[in-house]
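Novice: Dumping the structure here so I can ask a few things about it.
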Amino acid sequence: MRKRLTLAVFVVVVAVSAVELMAAQKKTAPKENARESSQLPTTINQTNNCISTQQKEPSADSVEGWHKLITWPEGITAWALILTLGAITWQACLMRIHASHLDKLASAVDYSSKVMDRQAGDARDFATQTFAILKEQADTALISAKAATESAKAALQQIQLMKDKERARLIVHISDGPEIGPPEAILQSSHRMVSAHIFITNEGPTKAVNVEASGALILVRDLEGGPQEVGFRQEIPRIIGNTDAGPILLEVASFGLDAKEMGTTTSRGTAFSREAIQNVHERTWHFQASGSIVYQDVFGDDHETPFRFVWNPTGYSGIGNWMESSFWIDRSPSST
């Protein structure tokens, strides 16, 4: 407000000064005309003196020179100048008001920008904190899940250890050499019946149930053995409990239970020709007894005990017995 008042006073002073300057110029004009007239002839000076004498007497309707500047129409130039200066002053005031409004608007925009930046920063900080909290919760949940998984695994291992300790465990072993019997009546005399005796023991504290056995006796080329032949179903008890009284005998025969069910008499061995048996004596061929025993323990879990034995003879006595140095080589796969 003080600045606007100062500007108005300045404009008024300038206008008054301009009016005074114009009035001064009007007053000095007669004096200059008088000096010029002094150079004319004397007769003219006398005439002028008479005129000047008459003019020294002021008339009633004469007007001072500066009043002409503000009267109409002689003062139109001064009024135009005053009005122009007023318009300039008004325009300057308006421009200053607009500049003040623009400055306030710029300040408001700057303030809004700062508020938005602060809000954006707060939002980023909140998002960062939220993400950190969520990550921490997720990590905690993952650790808890891992701990629960490890606990479950440990519990399962304990259960499995208990099962392994208490379950039935059927073991297969063989000691006697292959038994070569007389020929069957229905076969030619050139063939003899050969069987292998497998012994089964239960080394677990509980019973084995649903026991099934299969086996076969074949010839193989070397002591490494041949393929794991399962053979035919063999006769064996369905439940095997404590075998402290003695092992269960499994006689591996050609057709096993299938031959027995058909009423044949070839169920107690496999027929081999005399030449094949002689090749075994000479160690160019070897007997292999292989098969599998499957069963369940008292917990309902399934198990299997596969076996494969290869006969390694060191000679034959000629009277139906093998040399005492002969033995079976165990090539059995792992049991479950």
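Novice: Can you pull the one-decimal nm distance between simple spin-label points at Thr140 and Leu223, each 7 Å off the Cα toward Cβ?
Specialist: With each label placed 7 Å out from Cα toward Cβ, I get 6.8 nm.
Novice: So who's got an amide H within less than 5 Å of the one on Gly269, skipping anything under 5 residues away but keeping other chains? H placed 1.01 Å off N, in plane.
Specialist: Close amide H contacts, sequence-distant or interchain: Ser254, Phe255.
Novice: Pulled fully out, how much extra length does the chain show between Ser325 and Arg124, if you take 0.36 nm times their separation in residues and subtract their Cα-Cα distance?
Specialist: Answer, rounded to one decimal: 63.6 nm.
Novice: When you count, for each residue, the other Cβ atoms within 10 Å and take the mean per peptide, how do 155-167, 273-285 rank with the highest first?
Specialist: Peptide ranking by packing, descending: 273-285, 155-167.
Novice: Given R₀ = 30 Å, what would the calculated FRET efficiency be for Thr284 paired with Lys163, taking r from the Cβ atoms and rounding to 0.05? Don't jump to the answer; show the numbers that get you there.
Specialist: On the way: r = 47 Å, r/R0 = 1.56.
For R0 = 30 Å, the calculated efficiency reads 0.05.
Novice: Take the Cβ-Cβ distance between Asp176 and Val298 as r, set R0 to 30 Å, and report the resulting FRET efficiency rounded to the nearest 0.05.
Specialist: E(calc), rounded to 0.05, equals 0.40.
Novice: Here is a follow-up. 7 Å from Cα along Cα→Cβ at both Asn242 and Tyr111: what's the point-to-point distance in nm?
Specialist: 9.9
The numbers here are math on the coordinates, done by the rules we state, and not lab data. Just so you know, these numbers come straight off a predicted model, no measurement behind them. Positions of Cβ are generated from backbone atoms using ideal geometry, with glycine treated the same way; all protein chains shown enter the neighbour counts.
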